[in-house]
1. One-quarter of the Cα convex hull surface for region 220-291, in nm²?
2. So if I take the centroid of the Cα atoms in region 134-194 and the same for region 236-281, what is the distance between those two points in Å?
3. Grab the DSSP H runs of the chain that are 4 residues or longer, score each as -39,500 (n - 2.57), total them, divide by all residues and round the 222 nm result to the nearest 500 deg cm²/dmol.
4. Measure off 7 Å from each Cα along the Cα-to-Cβ vector at Asp389 and Ala190, then give the distance between these two points in nanometres to one decimal.
5. In square nanometres, what is one fourth of the surface area of the convex hull spanned by the alpha carbons of region 144-226?
6. Under the Karplus relation 6.51 cos²θ - 1.76 cosθ + 1.60, θ = phi - 60°, what is the ordered set of whole-Hz ³J(HN,Hα) values for region 211-222, x standing for Gly and Pro?
7. With a bin width of 10 angstrom, please list the P(r) values of region 1-155 as percents of all Cα-Cα pairs, from the 0 bin to the one holding the largest distance.
8. Once you order the gyration tensor axes a ≥ b ≥ c over the Cα atoms, which shape class does region 118-277 get: rounded for a/c under 1.5, otherwise prolate or oblate by comparing a/b with b/c?
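Rule-based calculations on the coordinates, nothing more; no lab input. All values reported here derive from a predicted model rather than from experimental measurement. Because the Cβ atoms are built from the backbone with ideal geometry, glycine has one as well, and the counts that use them run over all protein chains shown.
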Amino acid sequence: MSAVGAGASPPPDLSALAWTILEDNDRGQYSVPTGGLYPFQWNWDSCLTALGQARRHEARAWTEIATLMEHQWPDGMVPHIIFHQQDDSYFPGPDVWGTGRPVATSGITQPPIAGFVMRRLFERARDQGLAQEHARALLPKVAAWHDWFYANRDPAGTGLVAIVHPWESGRDNSIDWDEALARVPDEGVAPYVRKDTSHVDHAQRPTKAEYDRYLWLVQHFRSLGWDNAKIHDASPFQVVDPGLNAILIRSADDLAWLAETLGEPALADRQKHHAEKGRAALESLWSEDHGQYVCFDRVSSAPVDSAAIGGILPIFAGIPDPARFSALVARLRLLLSRARFATASHDPADPRFDGLRYWRGPAWLIVNYLLVDGLLRAGEGDLARRIIDSSLALTKNGDLSEYYDPHTGQGLGGGHFSWTAAMVLEFLELQEG
Ligand code: DGY
């Protein structure tokens, strides 16, 4: 008998499995993150999924982003959900948002990762003609989205944008939002029935108290007619997230690079200006106590006492100060030493850490990917490889879930997940290369 023993199943072919997931979740012009739990197009899910799609089907990958940008609002905002078709398996659906768009959308946005993804697709393109055509068409739209962020979510011109709803950060129920969210009223929310907890164990999802406030904010913005010129100042929730700002800065850098390459110098200069101003302003979020960046609550005018992964994501934006960069690397190493798998979305040493509950502790492959990219660019190859190996170890049994318990490696949230599949393809390539 072999050492493996009779009955032991061979390890799954991760690449084949990732492709199956991408195909199963493909709705033709866009992809769903996973059927049931998220049956529509989500903004940053789509962009990151396109990275995987492009490894085989470049045209399909560009279409993913083009479809998203077709639903940009006239003011430049790109919504976080596009409700392409009717599906009752998700709440809150189009009726709750009431944004009045020709194709229904939500009324808030999500981390603007499209600029970064576009540059990556462009640089890797086997079909340069196709890449040029798509990049040229998308460039002014993504630039208008970045401009929208700075005009509407940074009305005082600080260089840093705020989120007005936890969902805009992409890290929906992070501990980062607890204090600010506690100030959001929960009275007057229309009765509702959640659907997420019929797909996923409630212990892995946000609480009812959080959902009440998520919905209060949606109702409030709806009562303002979704007028982004009013929403920032009228929101009781305004938090500056270093994670979202880092993604915006990096996308502005990458869009500037694309604009220069495509002979659009004025557009390039404006994006460069956003990125440089944002990078300088990010320094105001540094916390000596935590050795990383932290959020800033604009309503209470105070830093947020929470050391979440969003405060390490500036690695992805390129930190000019070597001492700050080294401190972030040290912080990342500490997080890796405190959990078996990379990378806990919140410090396991914090009593508020919860290894099962969505963004309050679990590890996410997309976050690992952004960290790996920043580390590789800064020459931290060893640490990057550790995160790549750990990410693939999480999926080696064929479980391509939405997120994972960083202590046990258990897959959590939705299964058969598009962006996890895309990240597996990316990590496999990085591991080989
Ligand atoms: C959800 O419904 O949990 C989504 O993350 C909100 O965008």
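1. Value for region 220-291: 6.8 nm².
2. Each part reduced to its Cα centre gives a spacing of 16 Å.
3. Per the formula, -15000 deg cm²/dmol.
4. About 5.3 nm, to one decimal.
5. That works out to 6.9 nm², a quarter of the Cα hull's surface.
6. So the Karplus estimates, Gly and Pro as x, are 4, 4, 6, 4, 6, 4, 4, 4, 4, 5, 5, 5 Hz.
7. Each 10 Å bin holds this share of Cα pairs: 10, 36, 31, 14, 6, 3, 1, 0.
8. Prolate, because a/c is 1.5 or more and a/b exceeds b/c.
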